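J.: Structure in structure tokens, see below.
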Amino acid sequence: MSSVESRDTAVSLSGAELRRGPRTLWSDLDLGIEPGEFVAVLGPNGSGKTTLLQVLLGLLPLSAGEVRIHGAAPARGSAAVGYIPQQRALDPLTPLRGRDLVGLGLDGHRWGPGLSGRTRRRAQVHAALAQVDALGYADAPVGSLSGGEHQRLRVAQALVGDPALLLADEPLLSLDLARQREVVDLVEKRRREHGTAVVFVTHELNPVLPVVDRILYLVDGRFRIGTPEEVMTSENLSQLYRTDVEVVRVRGRILVVGAEDAPVHHHHDDGSPLREEVGAR
């Protein structure tokens with residue numbers, strides 16, 4: 001890939017490999033993500049989905065190969081990258097307001113802004129809250145908010161720095177279907193209006209199926225990359241899981257069903273074993 005192409009590409013992975021101890025999570029991964037493209041990352045626990053985001057955030061180096069974010073090496077705390085973490089329960093007594101949580105997206109990795117920057121910071125936080133329609137509870141304690149409200153604030157936190165790349169790590173977990181749709185709509189609105197590239201780790205493909213451009217499906221060091229129609233086939237997933245898997249499409253939804261009583265063995269990223277059944281996802 002030429003330097004011009006690398007600079008214009010939101011994410012570029014070339015010959016990427018990542019090992020954790022004796023395990024190779026994935027290797028020979030070539031992936032280019034263009035501005036405004038929505039890529040969903042799927043796979044069982046321990047397949048390296050979250051670890052991939054850590055690489056793009058500059059928190060982990062590759063074991064081999066190269067990674068670039070708009071032509072530059074990933075950097076911890078980069079304003080060019082927004083991050084929606086996995087949802088965590090907060091203590092109801094947490095003395096943090098909604099706008100404070102969003103503000104951490106600007107300065108959570110360093111000391112707070114000086115006097116000259118406070119006015120601009122307030123404007124950025126206000127704009128991010130407005131993007132996700134969360135101004136109504138901007139001054140509420142975050143511990144008192146619902147899961148859906150809290151996740152809206154996390155999306156605002158990821159957008160407050162006006163990122164060119166948005167990374168989302170299982171942002172739909174613990175949300176009901178209506179709240180899942182709200183989060184997907186917020187991310188899609190950002191992508192559509194600002195040309196922001198999106199890398200969206202999820203176990204739930206169907207909520208993002210209407211907006212996703214391509215899928216990266218990781219299973220035990222193997223992977224497939226392509227459109228949903230290309231990747232989500234019985235043949236592909238049977239090869240990835242090394243057992244009979246059937247992909248069924250029903251009323252615009254995709255169901256992945258494993259052969260009866262056929263367990264699939266995976267491992268967490270730390271190497272500990274995990275036993276799963278292939279089922280509806």
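The values are calculated or read from the model by the stated rules, or taken from the named source; none is laboratory data. Small disclaimer: the values here were computed from a predicted structure and weren't measured. So basically every Cβ, Gly included, is an ideal-geometry build from the backbone, and we count neighbours across all protein chains shown.
J.: Out of GLU66, GLU34, report the one residue that is closer than 17 Å to GLY15 by Cβ, among the charged types (D, E, K, R) and surrounded by fewer than 22 Cβ atoms within 10 Å (Cβ to Cβ).
T.: Details: GLU34 fails: closer than 17 Å to GLY15 by Cβ.
Only one candidate qualifies: GLU66.
Yes/no matrix, rows are residues, columns are (1) within 21 Å of HIS194 (Cβ to Cβ); (2) of a type in the set (Ser, Thr, Tyr); (3) at pLDDT below 90:
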| residue | (1), (2), (3) |
| --- | --- |
| SER116 | no, yes, yes |
| VAL132 | yes, no, no |
| LEU135 | yes, no, no |
| ALA140 | no, no, no |
| GLY147 | no, no, yes |
| GLN151 | yes, no, no |
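J.: Being surrounded by 15 or more Cβ atoms within 10 Å (Cβ to Cβ), part of a loop (DSSP other than H, G, I, E, B) and touching a residue at least 24 places away in the same chain (Cβ under 8 Å) is the filter here, so list the residues in region 72-81 that pass it. Outline the logic, then answer.
T.: If we filter region 72-81 for residues that are surrounded by 15 or more Cβ atoms within 10 Å (Cβ to Cβ), which is where we start, we get 74, 78, 80-81.
Imposing the further condition that a residue be part of a loop (DSSP other than H, G, I, E, B) reduces the set to 74, 78, 80.
Scanning region 72-81 gives a single hit, ALA80.
J.: I need the strands (runs of 3 or more DSSP E) fully contained in region 148-227, keeping only those with at least 3 residues that are within 26 Å of LEU96 (Cα to Cα).
T.: Output list reads 165-169.
A quick yes/no check of all residues on (1) touching a Gly at 6+ places or on another chain (Cβ under 9 Å); (2) surrounded by fewer than 17 Cβ atoms within 10 Å (Cβ to Cβ); (3) at pLDDT below 90:
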site: VAL231; (1), (2), (3): no, no, no
site: SER234; (1), (2), (3): no, yes, no
site: TYR241; (1), (2), (3): yes, no, no
site: ASP244; (1), (2), (3): yes, yes, no
site: ILE254; (1), (2), (3): no, yes, no
site: GLY258; (1), (2), (3): yes, no, yes
site: ASP261; (1), (2), (3): no, yes, yes
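J.: In region 4-59, what count of residues is obtained for those that are over 20 Å from ALA72 (Cα atoms), without any contact (Cβ under 8 Å) to a residue 60 or more places away in the chain and within 13 Å of the chain's Cα centre (by Cα)?
T.: Matching residues across region 4-59 total 0.
J.: Residues of region 11-26 being buried (at least 17 other Cβ atoms within 10 Å of the Cβ) and hydroxyl-bearing (Ser, Thr, Tyr), which ones?
T.: SER12
J.: Here's another thing I want to ask about it. Scan SER47, SER63, SER78 and give me the residue that is hydroxyl-bearing (Ser, Thr, Tyr) and either touching a helix residue (DSSP H, G or I) at 6+ places or on another chain (Cβ under 9 Å) or under 22 Å from GLY105 (Cα atoms) (or both).
T.: That would be SER78, the only listed residue that is hydroxyl-bearing (Ser, Thr, Tyr) and either touching a helix residue (DSSP H, G or I) at 6+ places or on another chain (Cβ under 9 Å) or under 22 Å from GLY105 (Cα atoms) (or both).
J.: Within region 139-159, restricting attention to residues that are in contact with a strand residue (DSSP E or B) (Cβ under 9 Å, 6 or more places away or on another chain) and of a type in the set (D, E, K, R), which residue is farthest from PRO85 (Cα to Cα)?
T.: Our first condition is that a residue be in contact with a strand residue (DSSP E or B) (Cβ under 9 Å, 6 or more places away or on another chain); within region 139-159, this holds for 139-142, 151, 154-155, 157-159.
Cutting the leftovers down to of a type in the set (D, E, K, R) gives us 139, 154.
On the way: ASP139: 21, ARG154: 8 Å.
Restricting to residues being in contact with a strand residue (DSSP E or B) (Cβ under 9 Å, 6 or more places away or on another chain) and of a type in the set (D, E, K, R), the top hit is ASP139.
J.: Same structure again: Here are some residues: GLU235, GLU193, GLU204, GLU230. Which one is under 30 Å from ARG122 (Cα atoms) and among the acidic types (Asp, Glu)?
T.: On the way: GLU235 fails: under 30 Å from ARG122 (Cα atoms); GLU204 fails: under 30 Å from ARG122 (Cα atoms); GLU230 fails: under 30 Å from ARG122 (Cα atoms).
Sole residue among the options that is under 30 Å from ARG122 (Cα atoms) and among the acidic types (Asp, Glu): GLU193.
J.: Quick one: in region 46-91, which of the residues that are closer than 16 Å to PRO171 by Cα and among the small types (Gly, Ala, Ser) is modelled with the highest pLDDT?
T.: GLY82
J.: Kindly check whether there is at least one residue in region 163-172 that is in contact (Cβ under 8 Å) with a residue 12 or more places away in the chain, under 21 Å from TYR137 (Cα atoms) and not β-branched (Val, Ile, Thr).
T.: Narrowing region 163-172 to residues in contact (Cβ under 8 Å) with a residue 12 or more places away in the chain: 163-172.
Those left that are additionally under 21 Å from TYR137 (Cα atoms): 171-172.
From the residues that got through so far, the ones that are not β-branched (Val, Ile, Thr) too are 171-172.
Checked against the condition, which is being in contact (Cβ under 8 Å) with a residue 12 or more places away in the chain, under 21 Å from TYR137 (Cα atoms) and not β-branched (Val, Ile, Thr), region 163-172 yields at least one hit.
J.: Follow-up question, since we're still on this one. Could you please tell me which pairs satisfy a Cβ distance under 6 Å, a separation of 6+ or placement on different chains, a first residue in region 92-111 that is modelled with pLDDT of 90 or more, and a second residue that is not β-branched (Val, Ile, Thr) and not in a helix (DSSP H, G or I)?
T.: ARG97/ASP139; GLY98/ALA138; GLY98/ALA140; ARG99/ALA138
J.: Let me ask you something else. Does any residue of region 82-98 turn out to be in a strand (DSSP E or B), aliphatic (A, V, I, L, M) and more than 17 Å from PHE223 (Cα to Cα)?
T.: So far as region 82-98 goes, yes, one or more of its residues are in a strand (DSSP E or B), aliphatic (A, V, I, L, M) and more than 17 Å from PHE223 (Cα to Cα).
J.: Could you run through region 135-149 and say how many residues are in contact (Cβ under 8 Å) with a residue 40 or more places away in the chain, under 18 Å from LEU106 (Cα atoms) and in contact with a Leu (Cβ under 7 Å, 6 or more places away or on another chain)?
T.: Counting residues in region 135-149 that are in contact (Cβ under 8 Å) with a residue 40 or more places away in the chain, under 18 Å from LEU106 (Cα atoms) and in contact with a Leu (Cβ under 7 Å, 6 or more places away or on another chain) gives 2.
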